[in-house]
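Below is one structure; the comments refer to it alone.
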Amino acid sequence: MSVAFRRESDEEHLEPKFELPIPRGPNLVTPAGLALIAERIAALDAQVAATDDAEEEKALRRDLRYWHTRRTTAIPTAPRGDGVVGFGSRVTFTLAGKARTVTLVGDDEADPAADLLPFSAPLARALLGAEAGDLLPFNGREDAIELLAVG
């Protein structure tokens with residue numbers, strides 16, 4: 001029988017499972033971010049130990065590799081504390097007429113809904129190096145951001 005008419009197993013047509021992408025740049029973390037990484041590793045270890053499903057275990061082990069890499073490459077970084085926006089700073093500013101307060105954190109601990117902004121985000125990059133009272137360019141406007149306070 002011709003190979004063209006042969007039924008191939010489903011295993012031969014599975015999509016490849018890729019590793020989770022690692023964010024580019026340095027892996028800066030706050031002390032809370034380092035604790036978060038440790039918590040995620042512990043939770044995944046417990047899930048791996050509890051599962052009997054081979055596919056689920058593969059996915060969990062992939063996630064574990066990601067978090068182990070993030071722990072290994074973590075660079076604990078403290079806020080500057082000198083009134084200049086840097087990693088770990090809590091920043092209050094106005095953008096488009098709305099006041100907002102965010103904390104600049106590492107990529108893995110970012111949660112915009114909780115006002116935790118990754119330091120690699122465009123808005124965070126616009127804020128880095130600024131001081132209270134500065135008017136900053138953003139989205140094509142020269143004075144789009146007014147920096148009110150840095151903590």
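The values are calculated or read from the model by the stated rules, or taken from the named source; none is laboratory data. Since this is a predicted model, take the numbers as computed values, not measurements. Note that each Cβ is placed from the backbone with ideal geometry, even for glycine, and that neighbours are counted across all protein chains shown.
To keep it simple, each residue is scored yes or no on (1) at negative phi; (2) surrounded by 14 or more Cβ atoms within 10 Å (Cβ to Cβ); (3) assigned to a strand (DSSP E or B).
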| residue | (1), (2), (3) |
| --- | --- |
| Thr69 | yes, yes, no |
| Thr72 | yes, no, no |
| Ala78 | yes, no, no |
| Asp82 | yes, no, no |
| Val91 | yes, yes, yes |
| Arg100 | yes, yes, yes |
| Leu104 | yes, yes, yes |
| Asp108 | yes, yes, no |
| Ala144 | yes, yes, yes |
(message) Against the condition of a type in the set (A, V, I, L, M, F, W, C) and either in the same structural domain as Glu39 (by the TED database) or assigned to a helix (DSSP H, G or I) (or both), how does Ala124 come out, does it pass?
(response) yes
(request) Look at Thr103 and say whether it is among the β-branched types (Val, Ile, Thr), in the same structural domain as Arg125 (by the TED database) and touching an Asp or Glu at 6+ places or on another chain (Cβ under 9 Å). (result) yes
(request) Output the residues belonging to segment 25-38 that are out of contact with any Gly (no Cβ under 6 Å at 6 or more places or on another chain), under 10 Å from Arg70 (Cβ atoms) and not in a helix (DSSP H, G or I). (result) Asn27
(message) Just to be sure I understand, how many residues within segment 39-60 are within 17 Å of Arg71 (Cβ to Cβ) and either basic (Lys, Arg) or in contact with a His (Cβ under 6 Å, 6 or more places away or on another chain) (or both)?
(response) 1
